Structure formats: structure tokens, C-alpha cells
Amino acid sequence: MSHQPNVVHHTALVNGIRVHFVEAGSGPPVILLHGYPETWFAWRKQIPVLAERYHVIAPDLRGYGGTDKPVTGYDKRTMAQDIRGLMSHLGYVKVALVGHDRGARVATRFAKDHRDAIDRLVVMDNVPTRVVLNSINSRMLRGYWFFYFQQILDLPEALVAGREDIYIRHFLRSWSYNPEMLDDEEIAVYVREYAQPGGMRGAFSDYRAGPVDWEQDVVDQDELIDCPTLAIWGADFEWVGKLVDMHAVWQGMARDVQGLPIPRCGHLPQEEQPEVVNQALLTFLDGWQG
């Protein structure tokens, strides 16, 4: 397919599940964690650029894509342990971690639980779980409706079955500054993954862990992330950049934070504004020696 970057596909048994990941390049390790409703494929515009300097590893998260979709283990502490296990499998003791959306939640928990294993952190278009669930109000309900819908057991799977294209396309279009940003071929890559058996259940399970994630986040809310952190977000996304003071939010999460709002950009910065994101990543990762 024309959109597929030059990567090598692997699977590894880590933390009790079979994780699918792609890799490219050599050098210090950089792990890319995708969000919803996406897979490793979300990073196709970053991988070739980063691979010129780094060993880039992009897994499918637990419940997503080619990775196992067990019934349990979707709290972010367990999902971060998946990534720590993948690191060990690859022989790394420290990495740079980049997460978008759900992947940013995993990366944030990783940065708190495995402080010795992370050199620097990038979070993209993500309002931390604790902040979202503590601040839900009537205005936010329209944007965050799916957080609630996907909490319900079984019903969402039943309603979406056979209509994955309608459901996935809704998010990808409405979350993008330019609704036509992704072509049918790109959308089909995501739809195909989510339409496989367990594909929607895995993603919904990730959201259903929200209450547990919130509990984990509250326990150590005063323990700021130590490593240098870059927060990137779409300046024109109604439900993140336009709704929340992202600079303030991330200053409350980490000691050393840079913020980068990207104009003419919605929820998918790495896909919508890849040149800006790639330059920001190269600048922020500069000096990471592995």
C-alpha cells in the first residue's frame, strides 16, 4: 500500500500477552504509542524521519490492532507494564517515550511508575484522565459522550458490529481540522483492524478502565513527572486545545514542561501536521543518546 512506511513487523510475548510492534532505524530507542481509534499506523509519517537517527518502535497497545485483546489488564498501570516488558524484550533499560491520546495516558503512567526507565516524554493532544473525569460538565458532555457510551458492557460492541466504518470514520473526520485529511485507503487500514474479532471490545475495554485509571492517578497526583516533557496539541481542536488550558494542565503534571499548540490542527497532530510534529520531535529528542 502506498501509505505503508518501510518497517519490520514483530510479535513478542510480554507481560502475559502477545504484542505486535513495528520497528525501523537504529540508534537510541524511541517508542511511539498510538491513540484511539488508531494503531501503530498512526505514526507512518513520523517513522521514516525518526528512523534516520533513532531505533523507532511502534507497538499496538493491548486490545488494539495485532496485539492480543485479553478480557482484563486495561488499567494504565498494566498497559505501562506491557511497554516496560517490550523494552526488556528488546534489551533496553531506558527509552524516550512518545504517546498520543490513549497512548499518552499509558506513557504518563509509565513516566510515574518507571521513572528510571524514561529519559524524556512527549504527550500529544491528551488531557490526563484525572483532569477529564474531575472536570466533566454540561458543555463537555457532547465532546466526551463516547467516554460514557463505551463504559457500558456489551451494548456498544453489539451496536457497532458491522458498522465499524461508520463509527471509526466519525471520529477520524470530526476530530480532524480538515475532515478530508485521511483518504479512504488510510481510514480502511484502521477500520480493518477494529472490525476484526475483539477489535472494538479491546478499545472499549481501554475506556472501561477509566475509573481504575482515575484511582491510580489520584493516588500520586502530587508526584510530578521528573523527566523533560513536551506537550503537543491541536490549537483548533474543540475538545482539548480550545476547551482546556493545556499549558496549565501539563505544568500540573510534570516538573519540566514545554507546550506546543499547533494551528490548523485537530486531535491528530502527527497525521494532520506531520512536518511541524516531526521537527518538534527531532528538536526535543536531540541529545538523547540511549
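Miscellaneous remarks
- In this structure the amide hydrogen of ASP256, modeled in the peptide plane, comes within under 5 Å of the amide hydrogens of THR229, none closer than 5 places in sequence on its chain.
- Euclidean distance between Cα centres, region 207-274 to region 53-113, Å: 17
- Under the simplified labelling scheme, the ASP286-GLU52 pair shows an inter-label distance of 1.4 nm, with each label point 7 Å from Cα along Cα→Cβ.
- Rounded to 0.05, the FRET efficiency of the SER88 and ASP256 pair, given R0 = 30 Å and the Cβ-Cβ distance, is 0.70.
- Just checking the listed ones, MET124, MET87, MET79: in the Gaussian network model of the chain with Cα springs under 10 Å, the one fluctuating most is MET87.
- Working note: Cα atoms of the chain, range along each principal axis, descending, whole Å: 47, 41, 38.
- Helix-only [θ]222 nm of the chain, DSSP H runs n ≥ 4, -39500 (n - 2.57) each, per residue, nearest 500: -11000 deg cm²/dmol
- Partners for LYS94 among aspartates and glutamates (Cα-Cα distance below 15 Å; same-chain residues under 8 apart left out): ASP82, ASP113, ASP116, ASP119, ASP226
- Three-way shape call for region 116-252 based on the alpha-carbon gyration tensor, with the a/c threshold at 1.5: prolate
- Efficiency of FRET between TYR148 and GLN4 - r from beta-carbon atoms, R0 51 angstrom, step 0.05: 0.90
- Relative contact order (%) - criterion: Cα under 8 Å, at least six apart; region: the chain: 20
- Gyration tensor verdict on region 208-290 (Cα atoms; rounded if a/c is under 1.5, prolate if a/b is larger than b/c, oblate otherwise): oblate
- Relative intensity, log₁₀ I(q)/I(0), of region 13-54 from a Debye sum that treats every alpha carbon as a point, q = 0.26 Å⁻¹: -0.98
- The 3J(HN,Hα) values that the Karplus relation (6.51, -1.76, 1.60; θ = phi - 60°) gives for region 230-245 are, in residue order, 10, 9, 10, 8, x, 5, 10, 8, 4, 9, 10, x, 8, 9, 10, 7 Hz. Gly and Pro appear as x.
- Dipole size of the chain about its Cα centre, with +1 on Lys/Arg Cβ and -1 on Asp/Glu Cβ: approximately 320 debye, rounded to the nearest 20.
- Here each label is just a point 7 Å from Cα along the line to Cβ, and for ARG192 and VAL218 those points are 4.3 nm apart.
- Summarising the amide proton neighbourhood of TYR36: residues at separation of 5 or more, or on other chains, whose placed amide H is nearer than 5 Å comprise ARG102, GLY103.
- Descending by average beta-carbon neighbour count within 10 Å, the peptides 134-146, 265-277 line up as 265-277, 134-146, the highest first.
- Contour minus Cα-Cα distance for LEU243 and ARG77 (0.36 nm per residue): 57.0 nm
- For region 1-129: span of alpha carbons on each principal axis (Å, largest first): 35, 30, 29
- Sorting the segments 156-169, 101-114 by their residues' average number of neighbouring beta-carbon atoms within 10 angstrom, most packed first, yields 101-114, 156-169.
- Dipole of the chain, positive direction: furthest Cα of VAL257, ALA203, VAL122, with charges on the beta-carbon: ALA203
- Under 5 Å, built H, 5+ apart or other chain: amide partners of VAL95: ILE118, ASP119
- The antiparallel fraction among DSSP beta bridges confined to the chain stands at about 30%.
- Rounded to the nearest whole Hz, the Karplus-based 3J(HN,Hα) values (6.51 cos²θ - 1.76 cosθ + 1.60, θ = phi - 60°) of region 3-20 follow the sequence 8, 6, x, 7, 10, 10, 8, 9, 10, 9, 8, 9, 6, x, 10, 8, 9, 8, with x at glycine and proline.
- At 1.002 mPa s and 20 °C, Stokes D of region 65-129 from Kirkwood alpha-carbon radius, µm² per second: 177
Computed from the coordinates by the stated procedures, all read-outs in this text should not be read as laboratory data. These figures come from a predicted structure and were not determined experimentally. Cβ atoms come from the backbone with ideal geometry, glycine included; neighbour counts cover every protein chain shown.
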